[in-house]
Amino acid sequence: MYDVVILTLEESSCGGTCEGSCARPRTQVLHCSDALRAAGARVEAVTAHDDAEVDAVLARLDAPARVDGLTWPDSDSKVRLVVAVAEDSQLRHVVRRMVRRYAPPPSKRPADLAPDRTVPDLPAIGVLPLAPGGLADALGLPAQPADVARALLSGAVRRLDLLRHDGGSVVIDGALLGATDEKGQPVPWRGRVEVDDKILTDGDDPLYACVVAVAGGYAGLDGMAVVSGPDPADGLVDVGVAVPAIRKRFLRPDTFRMEVRRARGRAVSVTPRDEMVPFVEDGVPGELTRKRSWWTERHAWAVYTA
């Protein structure tokens, strides 16, 4: 039978993005623990207050020492991990720590790493939602504690694409670049957006939004589909930009419309022409002040599913 760790993050361990929502014990964790123990699993509930405590949990998923000295996940591990999440940012934080743990430096790239990847297959994660909605709901993952326990013990795994970027983090759902004013109106900004060898805008167009999506949480904006049906396991990143356009009409009032340009590819870069562009990435706000590039890691991370 399996040893199961149910990991809950305190606010400090995920960069202050939990807003206190993960600071209290949750009944979902207790119910999931009970269901796992009833099925014969050995269960430990861990609350991590910082990255060191998260990393200590992830270390239990390590494979035996390799000849090349790399830290590698154990594909035959009898330890299974459940992450109790109130927000997508918490799940992304655990995946980010996995990448930091297992990604080999370029100078030590092993021969058994797939040529289109910079990380090995990351250990599967059981996702225990502490609140409705979010990526787990969008992916159709089990939501009730007993169902999460059954999925974990069944061993059914769904591998998903991951985005890495040169800012040092990862994306499991998507990013929305742009902001609105106090009246809720989009604030135009300018930037160059490239997807592989296709240029969606060279930086001269005013942009109302740019979406970088690996899953579907950021596909729409105010009822408008900025990207269309992103597939979280197709090995591609979906990108869309919303550009305001004015149609000139002779002897009649000009009309305004929103033009959406879309592309799919392996990588995307955004180079802001403005001093700063606000963004939200997997629920975490930030400011883009220089070029950023994202690239896909096909099927790099995984979740337990029914």
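What the table below lists for this structure:
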{"quantity": "Single condition LEU58 does not satisfy, out of (1) of a type outside the set (D, E, K, R); (2) within 23 Å of GLU10 (Cα to Cα); (3) outside any helix (DSSP H, G or I)", "calculated": "(3)"}
{"quantity": "Residues satisfying the stated conditions in the range 106-130, i.e. surrounded by 14 or more Cβ atoms within 10 Å (Cβ to Cβ) and either part of a helix (DSSP H, G or I) or among the small types (Gly, Ala, Ser) (or both)", "calculated": "ALA124, GLY126"}
{"quantity": "Qualifying residue in the range 182-191 (condition: touching a residue at least 60 places away in the same chain (Cβ under 8 Å), in contact with a Lys or Arg (Cβ under 7 Å, 6 or more places away or on another chain) and closer than 30 Å to ARG101 by Cα)", "calculated": "no"}
{"quantity": "Filtered residues of the range 152-199 (kept if outside any loop (DSSP other than H, G, I, E, B) and over 24 Å from THR296 (Cα atoms))", "calculated": "LEU152, LEU153, SER154, ALA179, THR180, PRO186, VAL187, TRP189"}
{"quantity": "Residue in the range 65-106 that is farthest from GLN28 (Cα to Cα), counting only those that are polar (S, T, N, Q) and more than 15 Å from the chain's Cα centre (by Cα)", "calculated": "THR71"}
{"quantity": "Residues located in the range 260-306, provided they are touching a helix residue (DSSP H, G or I) at 6+ places or on another chain (Cβ under 7 Å) and of a type in the set (D, E, K, R)", "calculated": "ASP282"}
{"quantity": "Residue match in the range 271-284 (condition: small (Gly, Ala, Ser), buried (at least 23 other Cβ atoms within 10 Å of the Cβ) and within 16 Å of the chain's Cα centre (by Cα))", "calculated": "no"}
{"quantity": "Given (1) at pLDDT below 95; (2) crowded, with 20+ Cβ neighbours inside 10 Å; (3) β-branched (Val, Ile, Thr), number of the condition VAL85 does not satisfy", "calculated": "(1)"}
{"quantity": "Qualifying positions in the range 131-142 - part of a loop (DSSP other than H, G, I, E, B) and surrounded by fewer than 21 Cβ atoms within 10 Å (Cβ to Cβ)", "calculated": "ALA131, PRO132, GLY133, LEU139, GLY140"}
{"quantity": "Pair list, Cβ under 8 Å, 6 or more apart: the range 281-306 residue farther than 17 Å from LEU91 by Cα and assigned by TED's automatic domain parsing to the domain that holds VAL268, other residue crowded, with 22+ Cβ neighbours inside 10 Å and modelled with pLDDT of 95 or more", "calculated": "none"}
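The values are calculated or read from the model by the stated rules, or taken from the named source; none is laboratory data. The model shown is predicted, which means the values in this text are computed figures rather than measured ones. A quick note on method: Cβ atoms are made from the backbone with ideal geometry, for glycine too, and the neighbour counts reach across all protein chains shown.
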